[in-house]
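K.L.:
Shown below is the structure under consideration.
The values are calculated or read from the model by the stated rules, or taken from the named source; none is laboratory data. In this text, all values refer to a predicted model and were calculated from it rather than measured experimentally. Here the Cβ positions follow ideal geometry from the backbone for every residue, glycine too, while neighbour counts run over all protein chains shown. For accessibility, only protein heavy atoms count, side chains too; no ligands or nucleic acids. Shrake-Rupley method; radii C 1.70, N 1.55, O 1.52, S 1.80 Å.
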There are 2 protein chains.
Amino acid sequence: MAYRKTPAEIRRLEAARERLVACATEVVAEVGWAQASVSAVADAAGIAAGSVYQHFPSKAALAVEVFRLAAGREVEVLGEVLHAPGEPVERLSRAVEVFARRALENRGLAYALLAAPAEPAVGAERLEFRRRYRSLFAEAVQEGMASGRLPRQNGEITAAALSGAIGEVLVDPLGAPESSAVEELVAELTAMTLRCVGAPHN
Amino acid sequence: MAYRKTPAEIRRLEAARERLVACATEVVAEVGWAQASVSAVADAAGIAAGSVYQHFPSKAALAVEVFRLAAGREVEVLGEVLHAPGEPVERLSRAVEVFARRALENRGLAYALLAAPAEPAVGAERLEFRRRYRSLFAEAVQEGMASGRLPRQNGEITAAALSGAIGEVLVDPLGAPESSAVEELVAELTAMTLRCVGAPHN
DNA sequence: GGAAGCTATGAATGATGGTTCACTTCTTTC
DNA sequence: GAAAGAAGTGAACCATCATTCATAGCTTCC
């Protein structure tokens, strides 16, 4: 025996991997999936193209990790807001607001997560995360119906509509980076959300 | 002078071109943009790969034409329904119903038009057509507001939300081809639409 | 110091798929 | 029927990247 990974070495490797993922995320946010070639990402991380394969078996695997991490953060935030105490309708409204603000804060990434053309593996992941968004929304809508504050409806469909609606509304401003109107956008989006779920017009 | 295209020949060429577009549309509807290679499309049309370039300068140009024709039909239908006489809200509801039924009727194509990953040129075209859907919806929402039947709102945003919502709701059933529940889906979708624009709960 | 075993490199490799082009086939005109 | 010119062919070409691999450089441990 003449070599064993020392803890420090292991940490170094993990850090390198994390750094790679972080840089890849930035590249994707800036230029989109299509332009984020292995060498572009490697360059951004300051390593050789071949070294990417020390950490990931394929480009697709790296892309999926990038997506999972970034999208996972959003799901988590959304979940926290939606599971906070309070009225379901109020929580929904807050969730949409938070989601929108975060997306507008980091437009490039939001676009990559929501809509940008991507390789099939990422596309599949996107479907999965949409399902999660939808479940979270659906839960809140169910609660609202259960407590009689929302009219009878198919919660799953409303939830799907809601996530589609939010995505579409955000994606367009996402393209054109002028947004002094963030506040108005957020206000309209939450208002639309409330109408969409059938909350009583204040 | 020893050769001039005879009218019949011109017609033959146009027909060949149309046939190519039609076959390409079918291929795209069946296997998606990514799998619709030039040779696959040429095979489907019964011509050689090289012959595609007699009619189009590039694959992208053909893809754009396929998209434009198919999406154009939908915009036209939507426009007709939305511009028909009657209450704006009623027209909106009818439009969503017609749109949904047509999409569910031809799922593959609808998915290709709405959501399937595509090359950048097609993506740009998709944005353009979304804008058109949105304008059509926005018009109806404006009218509804003008006649006092819909609450004050930003019609453009509502319209964007509406098209995003409809797309999202349709795309999932579009993936899984089991739909005995078309009727329920359509009913829920129109109900959601009415809530979304703020139509008075019947 | 040096052997063993790992990580890092980046040029070479390979697969994919759009595009070209020398050639064949068909149409027109005389 | 033959010349002129267009359309049609499909194998070869080429560009783009993801991936590999022989090599170099480090770390560990005795």
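K.L.:
Which ones in segment A:145-157 are facing another protein chain (nearest Cβ under 10 Å) and of a type in the set (A, V, I, L, M)?
P.N.:
If the condition is that a residue be facing another protein chain (nearest Cβ under 10 Å) and of a type in the set (A, V, I, L, M), then A:Leu150, A:Ile157 are the ones that fit.
K.L.:
With respect to B:Ala71, is the statement that it is of a type in the set (A, V, I, L, M, F, W, C) and part of a helix (DSSP H, G or I) true?
P.N.:
Answer is yes for this residue.
K.L.:
Here is a follow-up. When A:Ala60 is evaluated against the numbered criteria (1) within 8 Å of DNA strand D (Cβ to nearest atom); (2) outside any helix (DSSP H, G or I), which criterion, by number, is the only one it fails?
P.N.:
It fails just one condition, (2).
K.L.:
Still on this structure, I have one more. Test each condition in (1) surrounded by 13 or more Cβ atoms within 10 Å (Cβ to Cβ); (2) within 12 Å of DNA strand C (Cβ to nearest atom); (3) under 23 Å from the mean Cα position of the chain (by Cα) for B:Gln35 and report the one that comes out false.
P.N.:
(1)
K.L.:
Here's something else I'd like to know. Would you mind stating whether B:Ala40 is modelled with pLDDT of 95 or more, of a type in the set (Gly, Ala, Ser), assigned to a helix (DSSP H, G or I) and open to solvent by less than 30 Å² (accessible area, probe 1.4 Å)?
P.N.:
no
K.L.:
Now, a different point. For segment A:32-51, give me each residue that is near DNA strand D (Cβ under 7 Å from one of its atoms) and more than 20 Å from A:Ala116 (Cβ to Cβ).
P.N.:
A:Ala49, A:Gly50
K.L.:
Taking the condition of being among the polar types (S, T, N, Q) and over 22 Å from B:Leu113 (Cα atoms), how many residues in segment B:52-66 meet it?
P.N.:
1
K.L.:
Kindly indicate whether any position in segment B:18-31 is within 12 Å of DNA strand D (Cβ to nearest atom), among the basic types (Lys, Arg) and open to solvent by 70 Å² or more (accessible area, probe 1.4 Å).
P.N.:
Yes.
K.L.:
Would you confirm whether or not segment A:143-154 contains a residue that is of a type in the set (A, V, I, L, M, F, W, C), part of a helix (DSSP H, G or I) and open to solvent by less than 20 Å² (accessible area, probe 1.4 Å)?
P.N.:
no
K.L.:
Restricting attention to segment B:166-176, does a residue exist that is open to solvent by 20 Å² or more (accessible area, probe 1.4 Å) and more than 10 Å from chain A (Cβ to nearest Cβ)?
P.N.:
Yes, some residue in segment B:166-176 is open to solvent by 20 Å² or more (accessible area, probe 1.4 Å) and more than 10 Å from chain A (Cβ to nearest Cβ).
K.L.:
Of the numbered conditions (1) within 10 Å of DNA strand C (Cβ to nearest atom); (2) open to solvent by 90 Å² or more (accessible area, probe 1.4 Å), B:Ser51 satisfies every one except a single condition; which is it?
P.N.:
It is condition (2) that B:Ser51 fails.
K.L.:
Please go through segment A:62-101 and pick out each residue that is in contact (Cβ under 8 Å) with a residue 24 or more places away in the chain and more than 24 Å from A:Glu168 (Cα to Cα).
P.N.:
A:Leu62, A:Glu65, A:Glu87
K.L.:
Can I ask one more? For the subset of segment B:107-124 comprising residues that are within 10 Å of B:Val171 (Cα to Cα) and within 13 Å of chain A (Cβ to nearest Cβ), which member is least open to solvent (accessible area, probe 1.4 Å)?
P.N.:
Residue satisfying both the conditions and the ranking: B:Ala116.
K.L.:
Look at segment A:75-96 and say how many of its residues are among the acidic types (Asp, Glu) and closer than 15 Å to A:Arg130 by Cα.
P.N.:
1
K.L.:
Residue check, B:Leu194 against (1) open to solvent by less than 40 Å² (accessible area, probe 1.4 Å); (2) within 12 Å of chain A (Cβ to nearest Cβ); (3) modelled with pLDDT of 95 or more, all met but one. Which one?
P.N.:
The one condition B:Leu194 does not meet is (1).
K.L.:
Does A:Arg68 count as more than 8 Å from DNA strand D (Cβ to nearest atom) and over 26 Å from B:Ala34 (Cβ atoms)?
P.N.:
For A:Arg68, the condition - more than 8 Å from DNA strand D (Cβ to nearest atom) and over 26 Å from B:Ala34 (Cβ atoms) - is not met.
K.L.:
Tell me the residue from B:Glu188, B:Glu139 that is at the interface with another protein chain (Cβ under 8 Å from one of its Cβ atoms), charged (D, E, K, R), open to solvent by 30 Å² or more (accessible area, probe 1.4 Å) and out of contact with any Ser or Thr (no Cβ under 6 Å at 6 or more places or on another chain), please.
P.N.:
B:Glu188
K.L.:
Sticking with this structure for a sec: B:Ala160 - would you say it is of a type outside the set (Val, Ile, Thr) and more than 8 Å from every other protein chain (Cβ to nearest Cβ)?
P.N.:
In short, no.
K.L.:
Looking at segment B:1-17, which of its residues are within 9 Å of DNA strand D (Cβ to nearest atom), loosely packed, with under 12 Cβ neighbours inside 10 Å and among the aliphatic types (A, V, I, L, M)?
P.N.:
Listed by number, the residues that qualify are B:Met1, B:Ala2, B:Ile10.
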